[in-house]
1. Taking square-rooted eigenvalues a ≥ b ≥ c of the alpha carbon gyration tensor, is region 310-415 rounded, prolate or oblate, where a/c under 1.5 means rounded and, failing that, a/b exceeding b/c means prolate?
2. Keeping all protein chains in the complex and leaving out DNA, RNA and ligands, what accessible area do you get for residue 786 with a 1.4 Å probe, in Å² to the nearest 10?
3. Would you please give the residues with an amide H less than 5 Å from that of residue 202, counting only those at least 5 places away or on a separate chain, with H modeled from the backbone geometry?
4. Would you mind getting me the FRET efficiency between residue 142 and residue 76? Use the beta-carbon distance for r and R0 = 30 Å, nearest 0.05.
5. Rounded to the nearest 0.05, what FRET efficiency do residue 736 and residue 661 give with R0 = 22 Å and r taken as the Cβ-Cβ distance? Could you check?
6. Once fully extended, how much extra length lies between residue 535 and residue 428, figured as 0.36 nm per residue of separation less the alpha-carbon to alpha-carbon distance?
7. Sorted by packing (mean other beta-carbon atoms within 10 Å per residue), highest first, where do 572-584, 725-737 land?
8. May I ask you to give the solvent-accessible area per residue for region 452-494, in square angstrom, as obtained with a 1.4 angstrom probe?
Amino acid sequence: MATGGNGASSPWVVYKFGGSSVASAGHYRAVGALIGASKAPRLAVVVSAMRGVTDRLLGLLQQAEAGAAFDDGLKDLEEHQYGVHRELIGTIPESLDRNFEDLHDLLHAVRLARFAGAPVRDLVSGMGELWSAGLLAAHLARQGREARFVDPREFMLVTRGEMGPEVDWSESARLLADHAADRGDCWVVPGYVAREPGGRMTTLGRNGSDFSAAIIGRLLGAREIEIWTDVDGVMSADPALVPDALVLDKLSYDEALELAYFGARVIHPKTLAPAIELQIPIRIRNTFHPDHPGTLIGERDDEEFRIKGITSIDGLALVNIEGAGMIGVPGTARRVFGALQRGAISVVLISQASSEHSICVCVEAAAAGAAVEKLNEEFSSELASGKIQRILPTEEVSILAVVGDSMAGQPGIAARYFTALADAGINVRAIAQGSSERNISAVIDHEDVQRGLRAVHSAFYLSPQTVSVGILGTGHVGGALLDQLAGELDRLRTEAGVDIRVRAIARSREMVLADPSIAPADWRVAFEQSAVATDLDALAAHVHADHLPHAVLIDLTASEEVALRHAGWLGQGLNVITANKKANAADYSVYREIRRAARAAGARYLYETNVGAGLPVVQTLRDLRQTGDRIESIEGILSGTLAYLFNIFDASRPFSELVRDAWNEGYTEPDPRDDLSGMDVARKLVILAREVGIKLDLGDLEVESLTPPDLTGGGVEDFLKGLAKHDETMAQRYRAAVERGQVLRFVGRMDRAGRGRIGLVEVPSDHVFAQIDLTDNVVRYTTARYDRNPLIVRGPGAGPAVTAAGVFADLLRLCSMLGARI
């Protein structure tokens, strides 16, 4: 029998199945199929009790100790076990009958004595594993597999020490060789149970079946131990707290120990110890997803750099000892630990300032009062003399830790960690880092744990360019943007590492929220299936998720109400991209508040499509100013709608018909009066003026409206019908211009003093404003540099696809600002 050494040459592999893997007869069948598919020459299968059985056994024992009736509960458990045995193997073993008779007698004796000592508790609590292993062995035999039940109480010898069960390795190996030499190539072994030197049955404590698997793996010199459970492997963080947690493909033994210490649902440290000694790999696998390779725990891979886990310990208190009298005084830390040791108080973390002015320790919250009491006793004279000013606890704190072997010698890890916490608005109360650099821990307020876990996980595991997106408005432009995103997101993710997630889409009355995202190609279906009433606060909170690095709201509405929310969103740290001009052209105080909020929160505010749809009108002006040029005047055709109308209007068709056609094609604002009134152009001119530092409001401009005074009220359809009676007026203006060799264009002009006028003008047929196509915008900048030959930006300035492309470009520009290489 092998007792040491491992590797590919070893014939033994150890499988361990937990309670969730054997929760029913169907689960046993699945386990049997996995065992049948194993390619291992020799297989030792360690099995836990069926899910819930150990708790039921201990519950019966507790009832008996209290003198309460236990017969009904015992009968229920008996029927449960009999039912599973009948379903799986078609019979009830005599040994199971005897077990329940013995259990009844034992519980009866406990009820009479009102006491159950450790031997009785071990005997009762271990019955579930014995039943489970016997059932699995019988099922495998029924399936034609030569499987043998091997009782660990025959060979697994343990003693009770201060640190829990301690294995007598040499004697256990000898006993195993004596008792299991003829047990074949497939063993089924109950987990959790063992024996003490006197022969009495004992148990290995919670997680004891994992420990059993590791003990047997070491005794057999196994080449691998596989822990089969109900998850795909060890996660990078608790998925209940961090939705984007990932399954880790591998961990070193040290990393697994660190994660286990800090509360990660990984594997108990005592399970690792026997495997580490012989360097036996441990693999965590999913019984219900057997094709997944799981997580391999083994020797360190020095070539791999990756933070392996982000985890936390809750239920702690931070006790701070502070005083100038500690500076330079040797033995202070020793006295702190000595006082806490006398109080049997375990220290989870310690942090000391290099000045020795303060020492703080983390202890369990329940021990905080006792810790303060013991420290007050120890330092009573220093407190009385003022050498120590205070010993104070801070309740309800947690430790948040990042773990990874390869942090050692890697610059920037701590910076990224603490920057992520700072960006999430989390205050760090204490810091600790071991010299191995395998772990960096921070003490934070418990209420910040979830936000901190998500923020740090994002910093290390998600692409820095993962962007959570909310889209407001699903009209012509919104629909076009979603169609464009649908065609490009996969490419951006694979080629540029940009992970754009559309997590919310809203209309005026309904919205869709999704996690992780809405497929842009299916957004219409999403509204049919899962729309709820629009709540912009809830939408913003959903988009601004703690577990995602960046968030942006894209305003494609023409709503003043939505525009007035921009400052608030920016102040919360949300980036905003807008095609809605009503924010940037609102009262100057609103404009200034938007900028102030963006600066204070470090958020970006992008609005290239406010002027010229997809044309670089705003960016060009900004570049001119930032490079020191002086803007003398700005003039241009700033409305694609009006450019289109006066490009095709020749009085052969009524002007009102052309307006209706443009509205139907999506070339106009939702209400075409915003175009015809000149207010759309006025807003754009105000936005450009403000870009060059001119304090200008809409009321400061002279605006000629093409909307007849009698049609300013009412609905859009009423306006379009009523416009027909004004067709002759527009026809006369056209003919008059033609007679003078001119063409009609709707132009906005502004000089460096802020004087501006907007209206219908006549320009020569060879003028740049006359030489445009359909919806072209033309903006002419006259500057100190571009004086004799003004700088002209020209191109399509209207249409859903063009405007959506401009918004998409702003989104990619934002991603570049966040570090993407697009």
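The values are calculated or read from the model by the stated rules, or taken from the named source; none is laboratory data. For clarity, every value in this text was computed on a predicted model and none was experimentally measured. Note that each Cβ is placed from the backbone with ideal geometry, even for glycine, and that neighbours are counted across all protein chains shown. SASA here: full protein model, heavy atoms, side chains in, ligands and nucleic acids out. Shrake-Rupley method; radii C 1.70, N 1.55, O 1.52, S 1.80 Å.
1. Since a/c reaches 1.5 but b/c is at least a/b, the shape of region 310-415 is classed as oblate.
2. Solvent-accessible area, nearest 10 Å²: 90 Å².
3. It is 194, 195, 196, by chain and number.
4. Efficiency for this residue pair is about 0.70.
5. The formula returns an efficiency of 0.35 here.
6. Result for the pair: 35.2 nm of gain on full extension.
7. Listed from highest to lowest mean packing, they are 572-584, 725-737.
8. On a per-residue basis, 31 Å².
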